[in-house]
Each structure stands twice: as C-alpha cells, then as structure tokens.
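Asks: Take a look at this one; I'll ask things after.
Just so you know, all these numbers are worked out from the coordinates, no wet-lab data involved. Everything quoted here is computed from the prediction, not taken from an experiment. Counting neighbours? That spans all protein chains shown, and the Cβs are built from the backbone with ideal geometry, glycine included.
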Amino acid sequence: MTDHRAQVDELLADYRRSRDQLASVHRDLARVSGKATSPDGSVTAVVDAKGSLADLVLADHAYRLRPAQLAELIVGTTRAAAAEAAEAAYRTLSPVLPAGTDPEALLRGTADLRPEEIGADDVGESRPPQPPRRRPVVDDDEDFEQRDWLDVEATPRRSR
C-alpha cells in the first residue's frame with residue numbers, strides 16, 4: 001500500500017509542477033506584445049499577443065499624408081508589430097512544447113490537423129482569407145467636378 005501512495009504522491013507533485021509551469025507560460029504570453037514604427041517614423045503600432053491593436057501613435061507629420069497613404073502605413077506597421085508579437089509568442093511556447101510541435105500551428109489552432117484537413121498544401125501556408133484590397137479613394141482636394149448631391153434625377157431608385 002505504501003508503494004502506491006508514493007506513486008500517487010509523485011504523480012500529484014508532477015501534476016502541480018505542470019500546472020505551475022502552465023500558469024507561468026500563460027502569464028508570459030499575457031505580457032507578449034509587438035511594436036513597430038513605420039520607416040518614416042510617422043506611425044507606431046503596438047499589438048498584444050493575439051495581434052490586436054493595443055496602441056497607435058501618429059506623429060504630427062503623419063497628418064500631411066493623404067488618407068489612403070496613412071491608412072496603408074497604419075495597416076503595414078500594425079502587421080509588422082503583429083509579426084513581432086507572434087515571434088515572441090512562439091519563443092515563449094517553444095521551450096514547454098513537446099519536441100516536434102510547431103508553436104505557430106498550435107497558436108493557429110491547427111497543430112493536430114493534417115494539411116488536407118485545413119485545405120492547404122502545407123500547414124505553414126494556411127492563412128485566413130484576406131479581405132479584398134480596396135481601391136484608393138480620390139481625395140476631395142483633387143476632385144474639382146461640380147456635383148449636386150441632392151439632385152433627385154441623379155439619385156438611384158430602389159426597385160419595388
């Protein structure tokens with residue numbers, strides 16, 4: 001009976017160590033963030049471990065950019081910050097994962113799926129569908145055409 005008790009105690013101690021390690025990894029992941037600044041210094045983005053925008057700083061000279069240029073700069077800088085956060089999350093997870101486990105696939109939720117199950121030739125190629133790129137909007141400063149926005153004849157009619 002004593003032998004079984006020693007085994008149970010050892011298993012419980014292993015379990016507690018594993019839980020402590022898991023709690024530590026969760027705390028470390030919660031602190032992960034990524035930060036990037038655009039090449040011209042006009043945009044700085046900070047994201048959390050999930051890639052969600054946590055902070056956005058626009059320098060005064062950013063407002064001199066055209067809206068489409070500024071939007072593109074914000075998106076690109078945010079993507080760079082998200083990539084940095086993802087790398088930090090991978091580095092945080094790697095030491096505690098079993099050998100051969102891909103931390104990127106684990107965070108994507110595809111670690112135990114085969115490529116054909118997720119619809120990709122290579123698990124690393126699986127990415128969520130990207131929204132279609134919007135065409136740049138013509139800035140009002142460059143549009144000199146006179147328009148009467150209240151012109152009833154020019155307003156499209158709804159079909160009934």
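Asks: Residues in the range 62-97, backbone N under 16 Å from the label point at residue 56 (7 Å along the Cα-to-beta-carbon vector): list them, ranges by number please.
Replies: Answer for the range 62-97: 62-82.
Asks: Could you list 102, 3 in order of exposure, starting from the residue whose Cβ has the fewest other Cβ atoms within 10 Å?
Replies: 3, 102
Asks: Which of 38, 18, 33 has the fewest other C-beta atoms within 10 Å, and how do the rest follow up to the most?
Replies: 18, 33, 38
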